[in-house]
Amino acid sequence: MAPTFEHLREADLDEEEFDEDEVDISDLREKYEVQLEQGYDTFVVVDGLPKVTEEQKPKLIKFLLKKLNTVGRTREDQIYMPMDENGESLRFAFVEYSTKTEAANAVRQLDQVPLDKKHTLRVNKMTDIDRYGREGRIDENYVPPKIEPFTEKEHLRSFMADPSGRGRDQFVMYRGDSVGVFWNNEKDQPENIVERAHWTDTFVQWSPLGTYLTSVHAQGVQLWGGASWTRQRRFAHPFVNLIAFSPGEKYLVTWSNRPISIPDEGHPALSIDDDGKNYVIWDIETSKPLRSFAQLDAPAVAGEDPAARKVAKPVWPAFKWSADDKYVARMTPGASISIYELPRMNLLDKTTIKIEGVMDFEWAPATVQRDGVKSYEQLLSYWTPEIGSNPAKVALMSIPSKQVVRSLNLFSVSDAKLHWQSEGAYLCVKVDRHSKSKKSQATTLEIFRVKEKGVPVEVVDTIKDTVINFAWEPKGDRFVIITTTEPVGAVAVAPKTSVAFFCPEKPKKGQSIGNFKHLRTLEKKNHNAIYWSPRGRFVVIATVLNQQSSDLEFFDVDFEGEKPESEKDLSANLQLMNTGDHYGVTDIEWDPSGRYVATWASSWKHAMENGYHLYDFKGEQLREEAIEKFKQWQWRPRPATLLTKEEQKQIRKNLREYSRVFEQEDAERISSADVAVVEHRRRLLNEWYSWRAAVEEDVAEEREALGLPRDPVAALLQAKSAELGADGEQVIEEIVEEVLEESEEIVD
């Protein structure tokens, strides 16, 4: 045990005695006294060791130290390995670390790590074992576990089997305090699947493959799914603000602007090691936290007082995932990129990647098979600005080897943005360049052809204005940009913009695809957003988050249709199919099939004319609904198709045969809808007849109660018949005057 301030003071008193009251040392005691770790927080229990004798014990301890010191600091004299009566070890050891954080790291990173080919370490906190023992959770007598009877769980992807057989998509709407999930019925009213009040506190979010619906609460995050929409997972991160899934739905990142505070009585999921952290990475399958992280400090400034430094403004997402869920990376702005391996969350090669001045990075969204490279790799792109006399640089790095496979130097750079194509075939770096006087700015596009040998870079420098938006065609090789000559930034009136379409030419010899060429530019627009269909080909160019303009334009960039590969002309035939207008539109989203587009005006962004519009891919408006306090709409994603490329090509080839079946089903559905309308009207008419008979009966009873005739019409007829004569005839006298002759005489 380390000496305390009290021990040192007692030693001094042995040499020289004086009156303690004469000297006030409370300030020194408070400043210099060492705070020791309390209890067994620094101890871990390592199980799964091989059985050794007293002579073999030192050798095993030295071998074990190599593992233990990878996560913290410990020594041989801090490892206690109990022996039995026969002088053989009991196959476990007590290990003391310097701090409780190192002990926690040992549990997280060394548990279930192989020691050799026959032995696997099991590492637990001493405090956990002590707590379970005290609370009587460990019974000395073995009791066989109770095996619960098998109950079949609901299929979490049952939404893929539409009961109507029409392959409809689902979506979620959040309006007011209510959250509902619906089937899309095109022009008809959406079919409600489930509706719950106060289902979430802040927002809802689908997982990337549509398996779960996420609700966010002050207590944490909950995942819902299955046909009955039961809770599937729960992650207790207090006051969570934002969440992000890994692409394969294996892991979840949660973030709160409030650091985690672990109460004295403990937390159901987090430990004391997570105290003060803002980010937590969870394993979705087990609902357990893998690792937590604190918010990064702001970059240091020369001459700044370290005590006055502030926490950096959070950038979301702070953690970015590789396409295969094997790695997650975090950037320290201007300094390094840290890559962690899943699920152990250990730092790749136990070190960060030092990159001076790094500004941003992005993973390739798919595992790319490069020409001439057969080994497994994930690609990471990043860029650094100009530092001193060194130029700005964009680089592609292969992970896990950390080898830079391609780099490009850039000059006169104001800013850069990294845009990956959905299949990782291309990386476009949008470079904003300034003039020597820095009074004007223009943009160039540096396109990395990732799949080609040597990763050649093509420069598109025909752009004279500033590019404010860029978007690749999903699963394609065309792109759209929006440019403006006006200053970029928040303005009251939407700036005048131009929309330009680019596509590749026919490939030259040695190229897999031709150079990119400008196709057409649409001038004098107000558009600021690009939304490609997830299937490619169709694109919506729109003006969003602007009260002066809310235009929508629906384009087909391949209007002539798909041709055989041998005859396919890669230059698109651009066609404006339709235009629309949705006042106050704030968000636009395609459904996963690429058949429908939803636009909505969210009350989170303004309170005027909230609601949604629904369009088909051609731009024909199908539905419009104004909903007060409408907040959110999200289409439910679908997992990737299981069909091979050959099977998909065969389906496209025979699409006309399938379309006849679909058209017949649509016609039958429309005719059945007409029959339903007629039956509905007939039912309403019969209901009205029944209501009228009931009212007449009530009126007759009231007249009878008041002494009036039950049937006034019959009573009137009876009174008329009483006026008739005895023979039943009525005599009517009529006087008729007739003029026989008329003469006129004029008298003077």
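The values are calculated or read from the model by the stated rules, or taken from the named source; none is laboratory data. Being a predicted model, the structure only gives us computed values, none of them experimental. So basically every Cβ, Gly included, is an ideal-geometry build from the backbone, and we count neighbours across all protein chains shown.
General observations
- Residue in the stretch 634-646 that is surrounded by 15 or more Cβ atoms within 10 Å (Cβ to Cβ) and over 28 Å from residue 202 (Cα atoms) present: no
- Set 182, 159: member being over 30 Å from residue 45 (Cβ atoms), surrounded by 11 or more Cβ atoms within 10 Å (Cβ to Cβ) and at pLDDT 95 or above: 182
- Verdict on residue 703 being more than 58 Å from the chain's Cα centre (by Cα) and either surrounded by fewer than 10 Cβ atoms within 10 Å (Cβ to Cβ) or assigned to a loop (DSSP other than H, G, I, E, B) (or both): no
For (1) surrounded by fewer than 21 Cβ atoms within 10 Å (Cβ to Cβ); (2) farther than 16 Å from residue 456 by Cβ, each residue gets a yes or a no:
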residue	(1), (2)
367	yes, yes
376	yes, yes
379	no, no
388	yes, yes
405	yes, no
408	yes, no
421	no, no
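- Residues of the stretch 217-226 classified as crowded, with 17+ Cβ neighbours inside 10 Å and either among the small types (Gly, Ala, Ser) or under 19 Å from residue 319 (Cα atoms) (or both), total: 4
- Residue in the stretch 558-573 that is at pLDDT 90 or above and either among the small types (Gly, Ala, Ser) or not in a strand (DSSP E or B) (or both) present: no
- Only one of 461, 415, 432 that is in contact with a Ser or Thr (Cβ under 6 Å, 6 or more places away or on another chain), closer than 27 Å to residue 500 by Cα and surrounded by 14 or more Cβ atoms within 10 Å (Cβ to Cβ): 432
- The number of residues in the stretch 230-249 being hydroxyl-bearing (Ser, Thr, Tyr) and touching a Pro at 6+ places or on another chain (Cβ under 9 Å) comes to 1.
- Test result for residue 647, over 28 Å from the mean Cα position of the chain (by Cα), touching a residue at least 60 places away in the same chain (Cβ under 8 Å) and closer than 26 Å to residue 170 by Cβ: no
- The listed residues are 521, 483, 497, and the only one of them that is touching a His at 6+ places or on another chain (Cβ under 6 Å), at pLDDT 90 or above and hydroxyl-bearing (Ser, Thr, Tyr) turns out to be 497.
- In the stretch 630-645, the residues that are charged (D, E, K, R) and at pLDDT 90 or above: 631, 636, 638
- Subset of the stretch 75-110 [within 24 Å of residue 350 (Cα to Cα), of a type in the set (S, T, N, Q) and buried (at least 18 other Cβ atoms within 10 Å of the Cβ)]: 105, 109
- Verdict on residue 216 being among the β-branched types (Val, Ile, Thr) and either modelled with pLDDT under 95 or not in a loop (DSSP other than H, G, I, E, B) (or both): yes
- Checked against (1) within 25 Å of residue 454 (Cα to Cα); (2) crowded, with 20+ Cβ neighbours inside 10 Å, residue 329 passes all but condition (1).
- Exactly one residue among 349, 305, 275 is at positive phi, surrounded by fewer than 16 Cβ atoms within 10 Å (Cβ to Cβ) and at pLDDT below 95, and that residue is 349.
- Considering only residues in the stretch 278-296 that are in a loop (DSSP other than H, G, I, E, B) and not hydroxyl-bearing (Ser, Thr, Tyr), the one that is modelled with the lowest pLDDT turns out to be 296.
- Just one of the listed residues (514, 536) is in contact with a Gly (Cβ under 9 Å, 6 or more places away or on another chain) and not in a strand (DSSP E or B), namely 536.
- Looking across the stretch 666-691 at every residue that is among the acidic types (Asp, Glu) and within 22 Å of residue 186 (Cβ to Cβ), the one that is modelled with the highest pLDDT is identified as 679.
- Matching entry among 197, 244, 236 (being among the aliphatic types (A, V, I, L, M) and more than 21 Å from the chain's Cα centre (by Cα)): 197
- In the stretch 87-101, the residues that are in the same structural domain as residue 129 (by TED's automatic domain parsing) reach residues that are of a type in the set (Val, Ile, Thr) and surrounded by fewer than 15 Cβ atoms within 10 Å (Cβ to Cβ) with C-beta atoms within less than 7 angstrom, at least six apart or across chains, in these pairs: 87/53; 88/53.
Residue-by-condition table, conditions (1) touching a helix residue (DSSP H, G or I) at 6+ places or on another chain (Cβ under 6 Å); (2) of a type outside the set (Asp, Glu); (3) surrounded by 20 or more Cβ atoms within 10 Å (Cβ to Cβ); (4) assigned to a strand (DSSP E or B):
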| position | (1), (2), (3), (4) |
| --- | --- |
| 186 | no, no, no, no |
| 201 | no, no, no, no |
| 228 | no, yes, no, no |
| 234 | no, yes, no, yes |
| 258 | no, yes, no, no |
| 266 | no, yes, no, no |
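- Counting only strands (runs of 3 or more DSSP E) that fall entirely inside the stretch 582-674 and contain at least 1 residues that are under 15 Å from residue 533 (Cα atoms) and of a type in the set (Ser, Thr, Tyr), the qualifying elements are 596-601, 611-616.
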